[in-house]
Amino acid sequence: MARYLDVHPHDPQPRAIAQTVALLREGAVVAYPTDSMYALGTRVENPDGLERIRRIRHLDDKHHFTLVCADFAQLGQLVHLDNSAFRAIKAATPGPYTFILQATPEVPRRLAHPKKRSVGVRIPDHPVAQAILHELGEPLLSSSLVVPGAEWPMTEGWQIKEELDAVLDAVVDAGDCGTEPTTVVDWTSGTPEVVRAGAGDPDRF
């Protein structure tokens, strides 16, 4: 049964954030709000959490997970950035974008693309997600919360609690945060390629 944490969307209560982070440190998989939609998150160093997210979303081992970061300094430890990527990505973050770049040795091999050694990274512009990330002090391994077979993503925490109560450890409810996924920009070739248009303006790339 998932812990239900009702959190203010703009001024999250420190106690609720601390409870969420304590659960993550114990190996939890949580649903949490972002600036594009709800997501599933677990610690990067939690392979069991990764497998649980795969099962919830019916993902195969080719799925690109995203490393969600608190800030640009954290992001820069995980991926290689040339000058043009550095400037463009810094200008677009925080925001509803996922960037696919070459992973650094900091990224566990099991999380990177097996051939390209690439990984998705992002910095969300949502006070609750930011509070969790800052309290945790490390990136979250994350995937958008899209239930297999559903026509639309769930937009409210209580819906997620009702639907996924048996398979999650916590639901952080901060109200409706939309149904559009992030805009995905692949930078592995050295120039940006928008591979999915979503909540972030793709025209800036």
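The values are calculated or read from the model by the stated rules, or taken from the named source; none is laboratory data. Values in this document were obtained by computation on a predicted structure and should not be read as measured data. Ideal geometry is used to build each Cβ from the backbone, glycine not excepted, and the neighbour counts take in all protein chains shown. These accessible areas exclude ligands, DNA and RNA; they are computed on the full protein's heavy atoms, side chains included. Shrake-Rupley method; radii C 1.70, N 1.55, O 1.52, S 1.80 Å.
When the criteria are applied in full, Gly27 meets the requirement of being on the phi > 0 side of the Ramachandran plot and at pLDDT 95 or above. Hey, can you tell me all the residues within the stretch 168-205 that are more than 25 Å from Leu78 (Cβ to Cβ), in a loop (DSSP other than H, G, I, E, B) and over 18 Å from the mean Cα position of the chain (by Cα)? None - no residue of the stretch 168-205 is more than 25 Å from Leu78 (Cβ to Cβ), in a loop (DSSP other than H, G, I, E, B) and over 18 Å from the mean Cα position of the chain (by Cα), so the list stays empty.
When the residues of the stretch 44-63 are narrowed to those that are open to solvent by 50 Å² or more (accessible area, probe 1.4 Å) and either small (Gly, Ala, Ser) or in contact with a helix residue (DSSP H, G or I) (Cβ under 9 Å, 6 or more places away or on another chain) (or both), which ends up modelled with the lowest pLDDT? Looking at the filtered set, the residue picked out is Asp61. Which residue out of Thr66, Thr20, Thr34 is among the β-branched types (Val, Ile, Thr), out of contact with any Cys (no Cβ under 8 Å at 6 or more places or on another chain), closer than 24 Å to Trp158 by Cα and surrounded by 21 or more Cβ atoms within 10 Å (Cβ to Cβ)? The match here is Thr20.
Can you confirm whether the stretch 177-184 contains a residue that is open to solvent by 30 Å² or more (accessible area, probe 1.4 Å) and under 19 Å from Arg52 (Cα atoms)? Scanning the stretch 177-184, I find no residue that is open to solvent by 30 Å² or more (accessible area, probe 1.4 Å) and under 19 Å from Arg52 (Cα atoms), so the answer is no.
Can you find even one residue in the stretch 109-130 that is surrounded by fewer than 23 Cβ atoms within 10 Å (Cβ to Cβ), assigned to a helix (DSSP H, G or I) and charged (D, E, K, R)? Taking every residue of the stretch 109-130 in turn, at least one turns out to be surrounded by fewer than 23 Cβ atoms within 10 Å (Cβ to Cβ), assigned to a helix (DSSP H, G or I) and charged (D, E, K, R). Of the residues that make up the stretch 96-104, is at least one free of Cβ contacts under 8 Å to residues at least 12 places away in the same chain, out of contact with any helix residue (DSSP H, G or I) (no Cβ under 6 Å at 6 or more places or on another chain), open to solvent by 30 Å² or more (accessible area, probe 1.4 Å) and not β-branched (Val, Ile, Thr)? No, because not a single residue in the stretch 96-104 is free of Cβ contacts under 8 Å to residues at least 12 places away in the same chain, out of contact with any helix residue (DSSP H, G or I) (no Cβ under 6 Å at 6 or more places or on another chain), open to solvent by 30 Å² or more (accessible area, probe 1.4 Å) and not β-branched (Val, Ile, Thr).
Kindly evaluate Leu145 against the criterion of being crowded, with 21+ Cβ neighbours inside 10 Å, under 16 Å from the mean Cα position of the chain (by Cα) and either under 18 Å from Leu50 (Cβ atoms) or without any contact (Cβ under 8 Å) to a residue 60 or more places away in the chain (or both). Yes.
Would you be able to say whether some residue in the stretch 140-158 is closer than 23 Å to Gln13 by Cα, out of contact with any Gly (no Cβ under 8 Å at 6 or more places or on another chain) and either β-branched (Val, Ile, Thr) or not in a loop (DSSP other than H, G, I, E, B) (or both)? Yes - at least one qualifying residue is present in the stretch 140-158. Name the residues in the stretch 163-176 that are out of contact with any Ser or Thr (no Cβ under 9 Å at 6 or more places or on another chain), over 10 Å from Met1 (Cα atoms) and open to solvent by 20 Å² or more (accessible area, probe 1.4 Å), would you? Glu163, the sole residue that qualifies.
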